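Here is the structure we will look at.
No lab work stands behind these numbers, since they all come straight from the coordinates. Computed from a predicted model, the values in this text were never measured in an experiment. Ideal geometry is used to build each Cβ from the backbone, glycine not excepted, and the neighbour counts take in all protein chains shown.
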Amino acid sequence: MHPTAELRSVKSDRLKGKRIVLGVTGSIAAVECVKLSRELIRHGADVIAVMTPEATRILGASAMEFATGNPVITELTGAVEHVSLCGDVPDRADLLLLSPCTANTLGKVVLAIDDTPVTTFATTAIGTGIPVMIVPAMHGTMYQHPVVQENLEKARGMGLEIVQPLLEESKAKMAPLDEIVGRVVQRLSDRALYGKKVLIVTGATQEPIDDMRVVTNVATGRSGIYLALEAHSHGAEVLLLVGKGVTGVPGHIRSEIFGTTADLVKNIEGLREVWGVPDMAIFSAAISDYSPVRKEGKLPSGEKGMVVKMERTPKVVEAFRREYPDAFLVGYKAEALSDREELLRRAYRRLTEVGMDLIVANDLKDVGEERNIVLLITPGKDAFEVDGRKEEIARFIMDKSLEMLRE
């Protein structure tokens with residue numbers, strides 16, 4: 001058994017059954033292709049590497065065979081590999097991913113010049129209609145060359161997808177791996193949310209006592225991050241509002257940080273001007289119900305005790321529903337209860353009060369670092385219990401939301 005078998009789908013099965021041809025060209029960023037292949041496999045993909053001669057001077061073909069678990073194509077033979085994988089044949093590849101793609105290869109692709117295995121694969125795939133994704137990587141001055149920019153526009157005009165490079169240190173660096181993988185997942189998904197805007201709110205608010213201290217809630221923000229990834233994988237344009245201190249936010253997901261509950265309400269009310277009207281919103285954040293009456297400066301630390309006066313905070317989800325009455329709205333309800341029926345009653349009451357389309361309820365004792373138990377409740381009082389990892393729960397919530405949207 002090849003070691004890749006142990007990696008397949010350990011992160012998700014979003015790419016299960018998908019065959020991806022990875023075209024590797026002669027950029028120093030080729031060294032990242034071992035990691036890139038492994039990440040694609042971790043989401044279920046079958047990866048086959050095709051390399052230019054210049055790429056093999058940087059990265060050995062044996063390394064890519066180890067990384068993918070498949071023989072590497074470094075030259076075309078009588079087996080007509082480009083046709084068998086990217087031609088108009090049964091069981092052809094689902095995507096040709098050119099990563100990294102040099103300026104040289106980009107120019108050849110848009111002009112249909114076939115003098116390397118990678119460019120021949122590209123011409124064949126484009127002619128067949130197989131999706132082609134290009135991940136540029138080159139020196140900054142090369143990337144800024146007017147003809148290179150023209151070639152990028154030509155590629156877009158031909159229907160090829162470009163993953164923007166990271167412009168820093170005078171270089172156009174290959175995009176981060178999580179962004180590349182995210183774009184691949186999105187391109188090969190059902191695209192059920194393509195053209196839709198999805199807002200995800202996660203993490204916790206922080207309400208200041210004074211200029212030093214805050215009152216907050218326990219929340220890692222992980223559930224919201226997984227929900228954002230799920231929405232993105234279905235083709236949505238995602239905006240992730242995250243509380244201060246949340247880590248692990250994917251670089252390819254647009255995100256903004258919020259502090260207090262009042263700040264979050266302002267963000268919600270200003271969405272229309274800065275981002276647009278959300279088609280869907282999921283509020284998985286731990287939002288404070290009360291805020292201290294703030295004291296200026298720093299309260300003394302030597303006192304034996306302290307009395308903090310609390311006031312009600314604005315209701316964020318209600319504010320969202322008033323502002324965007326047509327959006328599909330998913331809320332969360334957390335309680336410290338051991339009575340399942342009472343949890344269902346309270347969650348359903350909250351759903352009807354706000355006018356939600358779906359609510360996720362959980363008992364705090366069922367919330368763990370990696371696994372949760374939640375109940376999904378619909379306006380029709382259907383309840384679905386899900387016990388699993390946070391990413392599995394996020395997928396179930398998104399699938400149920402899409403199912404309801406189709407009805």
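Out of segment 65-160, which GluC sites (Glu not before Pro) are coil in DSSP terms and have no more than 13 other C-beta atoms within 10 Å?
Values: sites: Glu65, Glu75, Glu81, Glu150, Glu153; in loops: Glu75.
Listed in order of number, the matching sites are Glu75.
Tell me, Ile253, Ile134 in order of fewest to most beta-carbon neighbours within 10 Å? Write out the running numbers ahead of the final one.
Working: Ile253 19, Ile134 24.
Lowest to highest Cβ neighbour count: Ile253, Ile134.
Under 1.5 on a/c is rounded, so check that first for segment 227-271, then, if it is not, pick prolate when a/b is larger than b/c and oblate when it is not; a ≥ b ≥ c are the square roots of the alpha carbon gyration tensor eigenvalues. Each step should come with its number before you reach the end.
Values: a/c = 2.96, a/b = 1.53, b/c = 1.94.
Judged from the Cα gyration tensor, segment 227-271 comes out oblate (a/c at least 1.5, b/c at or above a/b).
Place a +1 charge on the Cβ of each Lys and Arg in the chain and a -1 charge on the Cβ of each Asp and Glu, then give the dipole magnitude about the Cα centre in debye, rounded to the nearest 20. Let's see the in-between values first.
Values: 50 positive and 57 negative charges, 128 e Å.
Here the size comes out at about 620 debye.
Which Cα, out of Gly157, Val218, Leu405, lies furthest along the positive dipole direction of the chain (beta carbon charges, K/R +1, D/E -1)?
The Cα lying farthest towards the positive end belongs to Val218.
Pick out, from Leu22, Ala45, Ala63, the residue whose Cα sits farthest towards the positive end of the charge dipole of segment 7-187, with +1 on the Cβ of Lys and Arg and -1 on the Cβ of Asp and Glu.
Of the options given, the answer is Ala45.
With the dipole of the chain worked out from charges on the C-beta (+1 for Lys and Arg, -1 for Asp and Glu) around the Cα centre, which of Met306, Tyr290, Gln186 lies farthest toward the positive end?
Farthest towards the positive end: Met306.
For segment 7-187, what is the percent of antiparallel DSSP beta bridges, rounded to the nearest 5?
Values: 5 of 22 bridges.
Counting only bridges with both partners in segment 7-187, antiparallel ones make up about 25 percent.
Using the Cα centre of segment 7-187 as the reference point, and only Cβ charges (+1 on K/R, -1 on D/E), how large is the resulting charge dipole? Debye, rounded to the nearest 20.
The calculated dipole for segment 7-187 is roughly 480 debye.
Considering only DSSP beta bridges where both residues belong to the chain, give the percentage that are antiparallel (nearest 5). All intermediate terms of the calculation are to be shown ahead of the outcome.
Numbers: 22 of 64 bridges.
Counting DSSP beta bridges with both partners in the chain, the antiparallel share is about 35 percent.
At 7 Å along Cα-to-Cβ for each site, give me the label-to-label distance between Val274 and Ser62 in nm.
Output for this residue pair reads 5.4 nm.
Among rounded, prolate and oblate, which fits segment 7-187 when a ≥ b ≥ c are the square roots of the eigenvalues of its C-alpha gyration tensor, a/c under 1.5 means rounded, and a/b larger than b/c means prolate?
On the way: a/c = 1.39, a/b = 1.18, b/c = 1.18.
Rounded, because the longest to shortest axis ratio a/c is under 1.5.
So what is the orientation-averaged projected area of the chain, using the convex hull of its C-alpha atoms, in nm²? Please report the intermediate quantities before stating the final value.
Numbers: hull surface 100.3 nm².
For the chain, averaging the hull's shadow over all directions gives 25.1 nm².
Which of the trypsin sites (Lys or Arg not before Pro) found in segment 297-364 are loop residues per DSSP with 15 or fewer other Cβ atoms within 10 Å of their Cβ?
Numbers: sites: Lys298, Lys304, Lys309, Arg312, Lys315, Arg321, Arg322, Lys333, Arg340, Arg345, Arg346, Arg349, Arg350; in loops: Lys298, Lys304, Lys309, Lys315.
Those satisfying the criteria are Lys298, Lys304, Lys309.
How much mean residue ellipticity at 222 nm does the chain get from its helices, if each DSSP H run of length 4 or more adds -39500 (n - 2.57) and you divide by all residues, to the nearest 500 deg cm²/dmol? Write down the numbers at each step before the final one.
On the way: 16 runs with 147 residues, N = 407.
Computed mean residue ellipticity for the chain: -10500 deg cm²/dmol.
Sort Phe396, Phe384, Phe258 so the one with the fewest other Cβ atoms within 10 Å of its own Cβ comes first.
Details: Phe396 17, Phe384 14, Phe258 24.
Fewest-to-most ranking of Phe396, Phe384, Phe258: Phe384, Phe396, Phe258.
What chymotrypsin sites (Phe, Trp or Tyr not before Pro) in segment 104-202 are in a loop by DSSP, with at most 15 other Cβ atoms within 10 Å of the Cβ? Walk me through the numbers before you get to the answer.
Values: sites: Phe121, Tyr143, Tyr194; in loops: Tyr194.
Answer by residue number: Tyr194.
Please say if segment 151-214 is rounded, prolate or oblate, where rounded means a/c under 1.5 for a ≥ b ≥ c the square roots of the C-alpha gyration tensor eigenvalues, and otherwise the choice is prolate for a/b larger than b/c and oblate otherwise?
Oblate is the answer for segment 151-214, as a/c is 1.5 or above yet b/c matches or exceeds a/b.
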